[in-house]
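A quick write-up on the structure given underneath.
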Amino acid sequence: MKGNIVVFEGAGKKLQLQEREIPTLKSGEILIKNLYTTICGSDLHTFSGIRSEKTPTVLGHEIVGRIVRLDADHPRIDQAGNKLLEGDLVTWAIYCSHPQQEWLDKGMPQKSEHLFKYGHAQVLEEDAFHGGLSEYCILRAHTCVLKLPNELPVPIAATINCALATVAGAIRLAGPLEKKMCLLQVWAFWEMLLPQ
């Protein structure tokens, strides 16, 4: 089975459409058919050269897709305890890592050692399907996956795992907001509808 990826090779360079063989799933992985991605500020910074990433890469980490295949070792439940099946609409966290108690105790699992970030990883011969600007995405073991209701519009759902998660994290760190003045900044997102 093959799929397409859109490869970013550096600021000022044209994006390249490439066809790649989809590798066999490793233990605990999920193969996703990407349906929709938004382009985050960090993607724009990388694209314009303000932010540095290892290249080549496939940008996009705010993604919604449908499960194509679950490896036999995957627990088949999402972060909320819902059963996961092929065909389910899902989104997932921008990062994954093996659970490490030290960072869990600090409330910062996204800073664990051997951290992997979707939409920020280098394209390798055997590992290319990990960004939103691709036809498929392979979710690694220990990725926080959330099953979505089919009636939820995918443009809204795509922002859950980064934009809304960032806001939720900021509110959590701010503590109680009662009797506090808050500034809400709204950012415009570029959207890309992927072929279905």
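The values are calculated or read from the model by the stated rules, or taken from the named source; none is laboratory data. The model shown is predicted, which means the values in this text are computed figures rather than measured ones. Using ideal geometry, Cβ is built from the backbone for each residue, glycine included, and neighbour counts are taken over all protein chains shown. For accessibility, only protein heavy atoms count, side chains too; no ligands or nucleic acids. Shrake-Rupley method; radii C 1.70, N 1.55, O 1.52, S 1.80 Å.
Quick one: which of L44, L35 is out of contact with any Leu (no Cβ under 7 Å at 6 or more places or on another chain), among the hydrophobic types (A, V, I, L, M, F, W, C) and in contact (Cβ under 8 Å) with a residue 24 or more places away in the chain? Step by step, each of L44, L35 is checked, and only L44 is out of contact with any Leu (no Cβ under 7 Å at 6 or more places or on another chain), among the hydrophobic types (A, V, I, L, M, F, W, C) and in contact (Cβ under 8 Å) with a residue 24 or more places away in the chain. Just wondering, is there one or more residues in the range 40-55 that are modelled with pLDDT of 95 or more and not in a helix (DSSP H, G or I)? Checked the range 40-55: at least one residue is modelled with pLDDT of 95 or more and not in a helix (DSSP H, G or I). Residue check: L31 meets all listed conditions (1) within 11 Å of Y136 (Cβ to Cβ); (2) in contact with a Ser or Thr (Cβ under 7 Å, 6 or more places away or on another chain) but one, namely (2). Looking across the range 1-28 at every residue that is more than 15 Å from S134 (Cα to Cα) and in contact (Cβ under 8 Å) with a residue 40 or more places away in the chain, the one that is surrounded by the most Cβ atoms within 10 Å (Cβ to Cβ) is identified as L25. Quick check: is even one residue across the range 70-91 assigned to a loop (DSSP other than H, G, I, E, B), among the hydroxyl-bearing types (S, T, Y) and in contact (Cβ under 8 Å) with a residue 60 or more places away in the chain? Within the range 70-91 (the criterion being assigned to a loop (DSSP other than H, G, I, E, B), among the hydroxyl-bearing types (S, T, Y) and in contact (Cβ under 8 Å) with a residue 60 or more places away in the chain), the answer is no, since none of the residues qualifies. Selection of the range 61-107 for residues being of a type in the set (F, W, Y) and open to solvent by less than 30 Å² (accessible area, probe 1.4 Å) yields only W92.
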